[in-house]
Amino acid sequence: MAQALGEDLVQTSEGQDDSSSLGSDSELSGPGPYRQADRYGFIGGSSAEPGPGHPPADLIRQREMKWVEMTSHWEKTMSRRYKKVKMQCRKGIPSALRARCWPLLCGAHVCQKNSPGTYQELAEAPGDPQWMETISRDLHRQFPLHEMFVSPQGHGQQGLLQVLKAYTLHRPEQGYCQAQGPVAAVLLMHLPPEVSALDTNPEEAFWCLVQICEVYLPGYYGPHMEAVQLDAEVFTALLRRLLPRVHKHLQQVGVGPLLYLPEWFLCLFARSLPFPTVLRVWDAFLSEGVKVLFRVGLTLVRLALGTTEQRLACPGLLETLGALRAIPPTQLQEEVFMSQVHSVALSEHDLQREIRVQLARLPESTSGPPPRPQARLPGAQAIFEAQQLAGVRGDTRPEVPQIVVQPPEEPRPTRRKPQTRGKTFHGLLTRPRGPPLEGPSRSHRGSTSFLDTRF
């Protein structure tokens, strides 16, 4: 078993409880009397001050300057210095610059540039009544304790309605999935709509949602969710390899991955982690792709069921599911938790290999389309390269790079080595062709001629 996924829990120091900044499931009671909002906009939240392990202000300013420099020359940075971008994303994007960095990482700025006027047409078009009714019922459930979504007529809920409606018109064959609500809400928090006297314009958040649904997680939000089922099998195989005792316990109590994994992956952990940690997960996810979701999921399972005592305390299905959903917030503090996430022994190569194995084992189903994991791009670098390739070809929609195998070239005739046995190179180079010259042989440095030397 990899050391990064050992059975011992990593205890953090005493810290503040960020449970009040959790997602929708913990906030259905709605806001009470007015209280001060924390630094993320949650009314009555306990994140007004940075938690333990949070970097000092001077370090944050240094990171902000690095991001300003990298984003000012984005194409050059992604072409030559992507490793630096990845490491800075792992450290966490400064809150003041997420609105600038997230669209660049996911390629939404290129989509918006290549499709001028597209969002305006979708926003002005009437939505499908079926989807509009469902979306309207879900609006108040998305972070009701956040100051942006408190009022039904506020720019937060209205912007969320516009983004989700536009996506149903953009991809009518997929429609609306409830898990898109919290994802779009987090995007709107950091990419707020342009509020005018007449309307709101959350175009940037819309294109980020398009990239997440179609490039990072294709097949997740459609009517069949075929990619979720495949990733559930992949997650089970990774559990078997990295956490065999936990995997055995889950099998014994009958807890399959589809009982807890869809809420984690579909919502990008927006409903399952303290909000500061959610943002750090998103920073890494937009940089490195779906591999980050698997690492976070494996870390959560280990924190909930990694020790023998924890497994003995969960003899049944309900107790096990409760443990997976009730990890103490002190163990989910952003700095300590993300260091554990990035230490999980799971590379992109390992993940793709397991995906191929599980894809071959999936039974053929006639109820829906088969999963297409090859349509999923593994992070910001692959998206940047695909968009650059599409720009060279003059296409507006990025394509997945294809591997082209060139036919082998004709073998060149081997050069025949000259026969030099019993001869010297001096003789071969200086001896003239034709009949031998008359007269005494030429000496070399007062010694016997090289041509007379025998070997």
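Quick notes on this structure:
- Looking only at residues in segment 197-237 that are in a helix (DSSP H, G or I), farther than 21 Å from TRP282 by Cβ and out of contact with any helix residue (DSSP H, G or I) (no Cβ under 7 Å at 6 or more places or on another chain), the one that is least open to solvent (accessible area, probe 1.4 Å) is GLU226.
- Within segment 283-299, tally of residues that are assigned to a helix (DSSP H, G or I) and farther than 18 Å from GLU334 by Cβ: 2
- Of the residues VAL336, VAL341, the single one that is outside any loop (DSSP other than H, G, I, E, B), open to solvent by less than 10 Å² (accessible area, probe 1.4 Å) and among the hydrophobic types (A, V, I, L, M, F, W, C) is VAL341.
- Taken together, the criteria exclude ALA57 from residues that are under 17 Å from ARG280 (Cα atoms) and modelled with pLDDT under 95.
- Test: residue in segment 156-163 that is open to solvent by 10 Å² or more (accessible area, probe 1.4 Å) and not polar (S, T, N, Q): yes
- Cβ-Cβ contacts under 8 Å between residues 6 or more apart (or on different chains), taken from a first residue in segment 314-340 that is under 23 Å from PRO56 (Cβ atoms) to a second residue that is open to solvent by 20 Å² or more (accessible area, probe 1.4 Å) and among the charged types (D, E, K, R), are listed as PRO329/ASP17; THR330/GLU14; THR330/ASP17; MET338/ARG90.
- Unmet requirement for LEU298, which otherwise passes all of (1) in contact with a Cys (Cβ under 6 Å, 6 or more places away or on another chain); (2) open to solvent by less than 10 Å² (accessible area, probe 1.4 Å): (1)
- Inter-residue pairs, beta-carbon under 9 Å, first farther than 27 Å from ALA37 by Cα and in segment 260-275, second acidic (Asp, Glu) and buried (at least 24 other Cβ atoms within 10 Å of the Cβ), 6+ apart: LEU261/ASP231; PHE265/ASP231
Matching residues to (1) of a type in the set (Phe, Trp, Tyr); (2) in contact with a Gly (Cβ under 6 Å, 6 or more places away or on another chain); (3) in a helix (DSSP H, G or I):
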residue	(1), (2), (3)
TYR119	yes, no, yes
GLY127	no, no, no
VAL150	no, no, no
GLN174	no, yes, no
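- ALA184 vs. criteria at pLDDT 95 or above, in contact with an Asp or Glu (Cβ under 6 Å, 6 or more places away or on another chain), outside any strand (DSSP E or B) and not acidic (Asp, Glu): no
- Condition broken by ARG311, with the remaining ones in (1) among the basic types (Lys, Arg); (2) more than 20 Å from ARG240 (Cβ to Cβ); (3) open to solvent by 20 Å² or more (accessible area, probe 1.4 Å) satisfied: (2)
- Options ASP58, ASP128; residue that is of a type in the set (Asp, Glu) and over 25 Å from TRP207 (Cβ atoms): ASP58
- Just one residue in the set ALA99, ALA57, ALA108 is of a type in the set (Gly, Ala, Ser) and surrounded by fewer than 13 Cβ atoms within 10 Å (Cβ to Cβ); that residue is ALA57.
- Among the residues of this structure, ARG271 counts as one that is at pLDDT below 95 and either of a type outside the set (Ser, Thr, Tyr) or within 15 Å of the chain's Cα centre (by Cα) (or both).
- Number of residues in segment 110-141 that are closer than 30 Å to MET65 by Cβ and without any contact (Cβ under 8 Å) to a residue 24 or more places away in the chain: the value is 1.
- For segment 371-387, the tally of residues that are at pLDDT below 90 and open to solvent by 30 Å² or more (accessible area, probe 1.4 Å) stands at 2.
- Screening ILE93 against (1) of a type in the set (A, V, I, L, M); (2) part of a helix (DSSP H, G or I); (3) within 30 Å of GLY159 (Cα to Cα) leaves a single unmet condition, (2).
- If you check TRP102, TRP131 for being under 24 Å from ALA284 (Cα atoms) and touching a helix residue (DSSP H, G or I) at 6+ places or on another chain (Cβ under 9 Å), only one passes: TRP102.
- Unique match (being open to solvent by 10 Å² or more (accessible area, probe 1.4 Å), at pLDDT below 95 and more than 30 Å from ARG39 (Cα to Cα)) among ARG171, ARG240: ARG171
- Segment 98-139: number of residues that are among the acidic types (Asp, Glu) and at pLDDT 95 or above: 0
- No other residue among ARG240, ARG311, ARG302, ARG280 is in a helix (DSSP H, G or I), in contact with a helix residue (DSSP H, G or I) (Cβ under 8 Å, 6 or more places away or on another chain) and without any contact (Cβ under 8 Å) to a residue 24 or more places away in the chain apart from ARG240.
The values are calculated or read from the model by the stated rules, or taken from the named source; none is laboratory data. Computed from a predicted model, the values in this text were never measured in an experiment. Here the Cβ is made from the backbone with ideal geometry for all residues, glycine too, and neighbour counts use every protein chain on show. When the accessible area is computed, the model is the full protein with side chains, heavy atoms only, and any ligands, DNA or RNA have been set aside. Shrake-Rupley method; radii C 1.70, N 1.55, O 1.52, S 1.80 Å.
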